[in-house]
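All remarks here apply to the structure that follows.
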Amino acid sequence: MTPPATLRVATYNVHACVGTDGRHDPDRVAAVVSELDADVVALQEFTYPASVAIESRAPVELVALDRYQCALGPTRQVATRCFGNALLARHPIVDVHRIDLSVDRREPRGAIATTIDVHGTPVHLLAAHLGLRVGERRFQVRQLLTYLDSVRHSLVVVLGDFNDWLPGRSAAHVLDRRLGASARLRSYPSRRPLLPLDRIWIHPLSLLRRMFVHTSSLARNASDHLPVVADLDLRDVTMIASDGR
């Protein structure tokens, strides 16, 4: 099979599938994901029944997305529901690690480190949801850097809700230095975006072709965040091992 020329990745904080109208509607969120036509979608604030096994690969709650495999990364359980991260992929998920980013007396946080096989090309994905205080974000970014050290000479995508918007007090700028500058696109709140909370980094940066915010009317209502999407050109993946950055 001929490898695809492009890979589309996206990050989307789904706000527990509760829209700006206050309505809980997983089917609406699934419809937004379908609009993206992305190969990979990182979800934050995703909820699903606690009875679902953590190693399940089915897209629980978003059952219409049956063409995707799903990696779950719960950070906490409330009653009979799990809450946290998830990663959807239209290519085989071959490896999953869950990284605890929690800080004492703060809301539990985490990341999912996965590897997918894109027709023989391994792509390492690091999907995260960071905390609300700059001090905890700095700690959490240091944890992410430890993982990035292990995949330094690989195709890597870092994406998620980084809650990082304060000029001069950014924690995520460290990722800019390591991976190359990421566009800061306004994605929150969804009805009138002002803050660039949702971010995507690509390494090597030369593979990035475009990055944009998905602003359909459905997306503006389905969650309080808008999805951020990036397109990668995979035709130059052979140069990754020699990329010295």
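The values are calculated or read from the model by the stated rules, or taken from the named source; none is laboratory data. This structure is a prediction, so every number in the text was calculated from the model and none was measured. In this analysis, Cβ positions are derived from the backbone assuming ideal geometry, glycine residues included, and neighbour counts consider all displayed protein chains.
Here is how the numbers come out for the structure above:
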item	result
Matching residues, region 184-195, being more than 14 Å from the chain's Cα centre (by Cα) and closer than 20 Å to ARG210 by Cβ	ARG184, LEU185, ARG186, PRO193
Subset tally (residues that are among the small types (Gly, Ala, Ser) and either surrounded by fewer than 23 Cβ atoms within 10 Å (Cβ to Cβ) or modelled with pLDDT under 95 (or both)) for region 197-227	3
Tally of residues being assigned to a loop (DSSP other than H, G, I, E, B) and within 17 Å of SER182 (Cβ to Cβ) across region 152-167	6
Candidate set from region 209-227 (those that are part of a strand (DSSP E or B) and over 16 Å from the mean Cα position of the chain (by Cα)); member that is nearest to ARG184 (Cα to Cα)	ARG210
Residue tally, condition of a type in the set (Ser, Thr, Tyr) and not in a loop (DSSP other than H, G, I, E, B), over region 168-192	1
Residues that are farther than 17 Å from LEU43 by Cα, touching a residue at least 40 places away in the same chain (Cβ under 8 Å) and either among the polar types (S, T, N, Q) or in a loop (DSSP other than H, G, I, E, B) (or both), drawn from region 114-139	HIS119, GLY120, THR121
Condition check for GLY19: out of contact with any strand residue (DSSP E or B) (no Cβ under 9 Å at 6 or more places or on another chain) and surrounded by 15 or more Cβ atoms within 10 Å (Cβ to Cβ)	yes
Meets criteria (modelled with pLDDT of 95 or more and in contact with a Phe, Trp or Tyr (Cβ under 6 Å, 6 or more places away or on another chain)) for LEU36	no
Hits in region 103-113 - residues which are in a loop (DSSP other than H, G, I, E, B) and in contact (Cβ under 8 Å) with a residue 24 or more places away in the chain	VAL103, ARG106, GLU107, PRO108, ARG109
Region 40-64: number of residues that are surrounded by fewer than 21 Cβ atoms within 10 Å (Cβ to Cβ) and of a type outside the set (Asp, Glu)	12
Residue list for region 212-234, filter: within 17 Å of ASN13 (Cα to Cα) and among the aliphatic types (A, V, I, L, M)	VAL213, LEU218, ALA219, ALA222, LEU226, VAL228, VAL229, ALA230
Any pair with Cβ under 7 angstrom, 6 or more apart, that starts in region 56-70 at a residue that is β-branched (Val, Ile, Thr) and ends at one that is assigned to a loop (DSSP other than H, G, I, E, B)	VAL60/VAL52
Residues located in region 180-196, provided they are among the polar types (S, T, N, Q) and at pLDDT below 95	SER182
Meets criteria (buried (at least 18 other Cβ atoms within 10 Å of the Cβ) and part of a strand (DSSP E or B)) for ALA230	yes
